[in-house]
Amino acid sequence: MPITKSAKKRMRQSLIRKKRNRRMKNTVKNSIKKFLQLVNEEKGEEAKKMLPQVIKLIDITSSKGVWHKNKAAREKSKLMKKYQRLSVAK
């Protein structure tokens, strides 16, 4: 347990950030799963509407420092490729 006042504050801050980071990670993961499910079911219109929302969530997660910027870029690229394959298949 922290002893100094600054260490106590640092602990409080880290717990708050930990909760925020977990919530953001779960939100992004769930939205990616929903998008991929739409792509697998070949629901192009719904996937097209959802893609900008998912990309926005990924960008927010990256800007807050929850995900590294390269991980965010990699995930966005992967999602775009899957969506484009769906568009070409039709």
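The values are calculated or read from the model by the stated rules, or taken from the named source; none is laboratory data. This is a predicted model, so every value here is computed, not measured. A quick note on method: Cβ atoms are made from the backbone with ideal geometry, for glycine too, and the neighbour counts reach across all protein chains shown.
Between residues in the range 25-48 that are among the polar types (S, T, N, Q) and in a helix (DSSP H, G or I) and residues that are modelled with pLDDT of 95 or more and loosely packed, with under 14 Cβ neighbours inside 10 Å, which pairs lie under 8 Å by C-beta distance while being six or more apart or on different chains?
Final answer for the pair search is Ser31/Gln53.
Check whether at least one residue in the range 3-12 is part of a helix (DSSP H, G or I), modelled with pLDDT of 95 or more and surrounded by 14 or more Cβ atoms within 10 Å (Cβ to Cβ), and report yes or no.
So far as the range 3-12 goes, no, none of its residues is part of a helix (DSSP H, G or I), modelled with pLDDT of 95 or more and surrounded by 14 or more Cβ atoms within 10 Å (Cβ to Cβ).
Answer yes or no: is there a residue in the range 17-29 that is more than 17 Å from Lys71 (Cβ to Cβ) and not basic (Lys, Arg). Walk me through it before giving the result.
As a first pass, look at the range 17-29 and keep what is more than 17 Å from Lys71 (Cβ to Cβ): 17-20, 23.
Adding the requirement that they be not basic (Lys, Arg) leaves none.
No; the residues of the range 17-29 include none that is more than 17 Å from Lys71 (Cβ to Cβ) and not basic (Lys, Arg).
Kindly provide the set of residues from the range 33-49 that are closer than 22 Å to Asn21 by Cα and either in contact with a Lys or Arg (Cβ under 7 Å, 6 or more places away or on another chain) or hydrophobic (A, V, I, L, M, F, W, C) (or both), ordered by number. Break it down into steps so the answer makes sense when it comes.
The initial filter retains those residues of the range 33-49 that are closer than 22 Å to Asn21 by Cα, namely 33-35.
Across the range 33-49, the qualifying residue is only Phe35.
Looking only at the range 49-84, which residues are among the charged types (D, E, K, R) and either touching a residue at least 24 places away in the same chain (Cβ under 8 Å) or not in a helix (DSSP H, G or I) (or both)?
Once the filter is applied, which keeps residues that are among the charged types (D, E, K, R) and either touching a residue at least 24 places away in the same chain (Cβ under 8 Å) or not in a helix (DSSP H, G or I) (or both), the range 49-84 yields Lys64, Glu75, Lys82.
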